[in-house]
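The values are calculated or read from the model by the stated rules, or taken from the named source; none is laboratory data. All of these numbers come straight from a predicted model, not from anything done at the bench. In this analysis, Cβ positions are derived from the backbone assuming ideal geometry, glycine residues included, and neighbour counts consider all displayed protein chains. Heavy atoms of the whole protein, side chains included, go into the accessibility calculation; ligands, DNA and RNA do not. Shrake-Rupley method; radii C 1.70, N 1.55, O 1.52, S 1.80 Å.
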Amino acid sequence: MDFNFKEIEQKWRERWEKDEVYKTDMHDFSKPKFYALDMIPYPSGEGLHVGHPIGYISNDIVSRMKRMQGYNVLHPMGFDSFGLPAEQYAIKTGNHPGSFTDHNIETFTRQLKSMGFSYDWSKEIRTHDPRFYHWTQWIFEQLYKDGYAEHKPKYVNWCEGLGTVLANDEIVDGKSERGGFPVEKRLMKQWTLNIPAYAEKLLSGLDNIPEWPNSTKEGQRNWIGKSIGAEVEFKVENSDYTFRVFTTRADTLFGATYCVLCPEHDLVKKITTLEQKNAVDEYVSACAKKTDMERSELNDNKTGVFIGAYCINPVNNARLPIWIGDYVLMYGTGAVMAVPAHDQRDYLFSKAHNLPIIRVVEGGDLEKEAYTGDGKHINSGILDGLNNDEAKEKIIDWLQKRGLGCKKVNYKLREWLFSRQRYWGEPIPVVFLDDGETVLDENLPLILPVMDDYKAKNGEPPLNNATEWKNVVINGKHGVRETSTMPGTAATAWYYMRFIDPHNDEMLADPELLKHWMPVDLYIGGAEHTVGHLLYARFWNQYLFDKGISPVNEPFKKLVHPGMLLGENGEKMSKSKGNVINPDDVIAQYGADVLRVYEMFMGPITEAKPWNTQNIEGSKRFINRVWSIYINDNKIQDAENKNLEKLYHKTVAKVTQDYENLSFNTAISQMMIFINAVQKESVFPREYACGFIKLLSPLAPFISAEIWQQVFDANSLIDYQSWPTFDVDLAKDDEIEIPVQINSKIKARIMISVGENRESVLNKAREAVGINEADKEIYIENKIVNFIKR
RNA sequence: GCCGAAGUGGCGGAAUUGGCAGACGCAAGGGACUUAAAAUCCCUCGGGAGCAAUCCCGUACCGGUUCGAGUCCGGUCUUCGGCACCA
């Protein structure tokens, strides 16, 4: 007989909410703490899809187990509720984006509750709530006061389609991540945060978080992009101008045949000769119009223009022509020395523009390509005969002694572009006074004004139209507010601290509580945040740690990325492909417990895997089987059953360990094995029945709560029971069957027991395979040795 | 191109430190119950040979180490994810 899961689920949802079962007492320090955090979702209009819950279910299982193991667990949820779709909706409908957002949050909340997550909803965060963004603004002000926030002209990624600037991590293949609009370089005055000042700390900090995926740490290392090399100064011929180049191959200085500046380099205007001026101007303006997409498409076709001027190679006084080319980026010094013999880009450029190639390292075939490997140096004066590393050291030393260059470390990590020309974000609490002074508005929170029209006009941010809000008198002086807002990644760079003390209006969070609850013990969310959110969060935490506000230098102890859930056809789920599964439909048909079991049983959570509606049947059968064993069959008795003893202890051991390791598919497999075995028995000892339902409860909380009440104790909740224990010895076998192999072929099988001596095992083996084989050497694997010794 | 992860039946996937490959589940086939169906229960289920006990092959491909390799080493191919002119 099936059971009415709808009734049961509703009953327990109401009970959990009414009794505040999952509310965390933050001041209870008597128990060890466990902070389990999900990356909070953006409340989109579409609602949750079945991919979201994979991470949420995993974290919920761990949270529920930890509670039963005696931890004080913080398991909160919130919404990253500022963002573009709400703003676009507002423009279209004229409604306030807040109402759209609130409506979506309601849908998300209903969906999350329907899945039985044990969140402490009293600590919910909405990043668009002024009581929250008060402190986002406050952190910005601290950064400003400490000199980490600057307002200055910068070449930025301007997206005409969205009417705003974008950060590097918001651009995919030269187009905006949202909307797919083209992006171009523009010089604009923008707010930036000096994250490069933290490059070294963010890099070395990665060594202190062993429980992060390797791929994520590597991704951040590459994004930070540390390279060690040298800066070398070149004089411009017949002038007082000099420029510096950054190189990781100072050993090839004697092979430099020209230099290239990036088109935006300051010196270009100053040293271009009259004859070349037209060609240079044309090239520079053509580059400015190119989108990132167009620039990267050019890959092998290296364009450039000679600017007419020459510079002097400091090591041999060679006269080198100066070119500009857009393959040189505004990275490092924005200028490179070109060594076509030993750098492939320079090689291609020199071929395209007929520039000379001078070999200074032996090896490779310069007819085909540049040689970048190690080798003996030639044509290099004092470096002749040395290999790459020796030559680098010697030449840098030589340059340093003459003041012509020095050792230098460079990072690819750029400043964090912190302003967006959007309405639906945190206002930046800065006022530009009429007298030219820039001051902070310390009267926080600075509330985002309600407007009649959210459309941007004349390329200015929408807030520019909020005349009343914009014009202020501060310290008796008139000024105008900053009308850009903060990027979406601002709130999520620190929200994990706010969950610890979400209603505090005096400060970001109580230091005593932060000290007890930080860091996050288990953080689950998508791998797409590797170089965006996760790096910004580490940056703000590190900054706040240095200020004594955050008690830890790394905010997330263990990090797990759920794999992508693909559609039934193996493709990415998307509306346009029509393969999206709505969790509401699955819950209506099968119930939340079955959805949870199925999503966890599909495979390892970190792997991408396709949805398969047919496979849900297996999870449904398992849940039904559990129900009928506990409720319909009459086999739970205060009695013993030796047949189940070992399996029970094994199951407790394996499930506990697997939950801890987030290996839910194998935990479920073990529980299925146990339930299948129970089904074959006529007596299900009460002790085992009680223990098993506790194991099941983090995974399938509704049915477990109901069974607990009906079968074990109507007056208590399963959530308050302690986690089952197991007997280590009983969880192990006393007797196992092992194969006897000769030349790696299995010849016989024998049974061996714990405590059996080595000679007896050998005799059995000899006997089993026959006397002729007996004098051959017999290996006993360690596993067996350990087994009989036990 | 660089970095990272992975490749096991018809399918999703198991397999502590190298030690019985394919746990568990889905699908499929057969059977029981039923007037019938659903549900449930039982059996079979990597490929090949054989009446059979049994034997041979098999974890992307090629080679190596080892008594023994899905697992370790070297090379190749493929897929996915990230970065991409970073000097």
Calculated P(r) of the stretch A:120-168 - Cα pairs past 15 Å, %: 68 percent
Globularity index of the stretch A:540-697, i.e. its alpha-carbon radius of gyration over 2.2 N^0.38 Å: 1.35
Range of Cα positions in the stretch A:475-548 per principal axis (Å), largest first: 49, 33, 24
Neighbour net charge for A:TRP611 - beta-carbon separation under 14 angstrom, K R +1, D E -1: -3
Fraction of beta bridges assigned by DSSP in chain A that are antiparallel (%, nearest 5): 75 percent
Fully extended contour minus Cα-Cα distance, from A:ASN387 to A:ASP281, at 0.36 nm per residue: 34.0 nm
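From the mean inverse distance of alpha carbon pairs (Kirkwood) and the Cα radius of gyration, derive Rg over Rh for chain A. Don't skip to the end; give the middle numbers.
On the way: Rg = 33.2 Å, Rh = 31.3 Å.
Here Rg/Rh amounts to 1.06.
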Those aspartates and glutamates that a straight Cα-Cα span of less than 15 Å connects to A:LYS152, excepting residues fewer than 8 apart in one chain: A:GLU415, A:GLU437, A:GLU482
Equivalent ellipsoid semi-axes - Cα gyration tensor, the stretch A:528-600, angstrom: 38, 17, 10
Aspartates and glutamates with Cα under 14 Å of A:LYS401, excluding same-chain neighbours fewer than 8 positions away: A:GLU231, A:GLU233, A:GLU393
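Given the pairs A:LYS145/A:LYS408; A:LYS6/A:LYS620; A:LYS23/A:LYS558; A:LYS185/A:LYS351, which are separated by over 19 angstrom at their Cα positions? Don't jump to the answer; show the numbers that get you there.
On the way: A:LYS145/A:LYS408 29 Å; A:LYS6/A:LYS620 14 Å; A:LYS23/A:LYS558 23 Å; A:LYS185/A:LYS351 28 Å.
The pairs that break the limit, which is 19 Å between Cα atoms, are A:LYS145/A:LYS408; A:LYS23/A:LYS558; A:LYS185/A:LYS351.
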The stretch A:590-678 - Rg (one decimal) and Dmax (whole number), Cα, Å: 14.3, 45
Rounded, prolate or oblate (a/c below 1.5 giving rounded, otherwise prolate when a/b exceeds b/c) for the stretch A:346-437 by Cα gyration tensor: prolate
Accessible area, probe 1.4 Å, largest first, for residues A:SER350, A:SER576: A:SER576, A:SER350
The stretch A:201-260, Rg to Rh (Cα coordinates; Rh as Kirkwood inverse mean 1/r): 1.23
Equivalent ellipsoid, the stretch A:86-142 (semi-axes from 5 times Cα gyration tensor eigenvalues, Å): 23, 21, 7
Structure-based [θ]222 nm, chain A - -39500 (n - 2.57) summed over DSSP H runs of at least 4, per residue, nearest 500: -10500 deg cm²/dmol
R0 of 60 Å, Cβ-Cβ distance A:ASP240-A:ASN553: FRET efficiency to nearest 0.05: 0.85
Dipole of chain A [Lys/Arg +1, Asp/Glu -1 at C-beta], most positive-end residue of A:PRO314, A:PRO427, A:PRO41: A:PRO314
Cubic angstrom per residue, convex hull over Cα atoms of the stretch A:51-174: 190 Å³
Accessible area (Å², 1.4 Å probe, nearest 10) - A:GLU506: 150 Å²
Dmax and Rg, reported as Rg then Dmax, of the stretch A:298-453 (C-alpha, Å): 24.3, 75
Pairs beyond 28 Å (Cα-Cα), from A:LYS123/A:LYS547; A:LYS154/A:LYS470; A:LYS290/A:LYS407; A:LYS270/A:LYS368; A:LYS123/A:LYS654; A:LYS18/A:LYS680: A:LYS290/A:LYS407; A:LYS270/A:LYS368; A:LYS123/A:LYS654; A:LYS18/A:LYS680
Descending principal axes extents, the stretch A:157-270, alpha-carbon based, whole Å: 53, 41, 25
Alpha-carbon centroids, the stretch A:5-65 and the stretch A:642-690: separation in whole Å: 25 Å
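Given an 8 Å cut-off on Cα distances and at least 6 residues of separation, report the relative contact order of chain A as a percent.
Relative contact order comes out at 15 percent.
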Rg/Rh ratio calculated on Cα atoms of the stretch A:428-566 (Kirkwood radius): 1.06
Protection-proxy order for peptides A:377-387, A:53-63, A:113-123, A:206-216, each taking the mean of Cβ atoms within 10 Å per residue, highest first: A:53-63, A:113-123, A:377-387, A:206-216
Proximal charge balance of A:THR272 [Cβ under 14 Å; K/R count +1, D/E count -1]: -3
Efficiency of FRET from Cβ geometry, A:GLU528 and A:GLU571, R₀ 30 Å, rounded to 0.05: 0.95
Peptide ranges A:532-545, A:473-486, A:655-668 listed from the most packed, as the mean C-beta count within 10 angstrom indicates: A:532-545, A:655-668, A:473-486
Top positive-direction residue, dipole computed over chain A with Cβ charges, set A:LEU74, A:VAL409, A:PHE726: A:VAL409
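Placing unit charges on C-beta atoms (Lys and Arg positive, Asp and Glu negative, everything else neutral), compute the dipole magnitude of the stretch A:280-387 about its Cα centre in debye, rounded to 20.
Here the size comes out at about 220 debye.
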Neighbourhood net charge (13 Å Cβ-Cβ; Lys/Arg +1, Asp/Glu -1) for A:ILE139: -1
Per-residue SASA entry for A:ARG110, accessible area with 1.4 Å probe, Å² rounded to 10: 120 Å²
Extension gain from A:GLU14 to A:LYS680, taking 0.36 nm per residue of separation minus the Cα-Cα distance: 236.1 nm
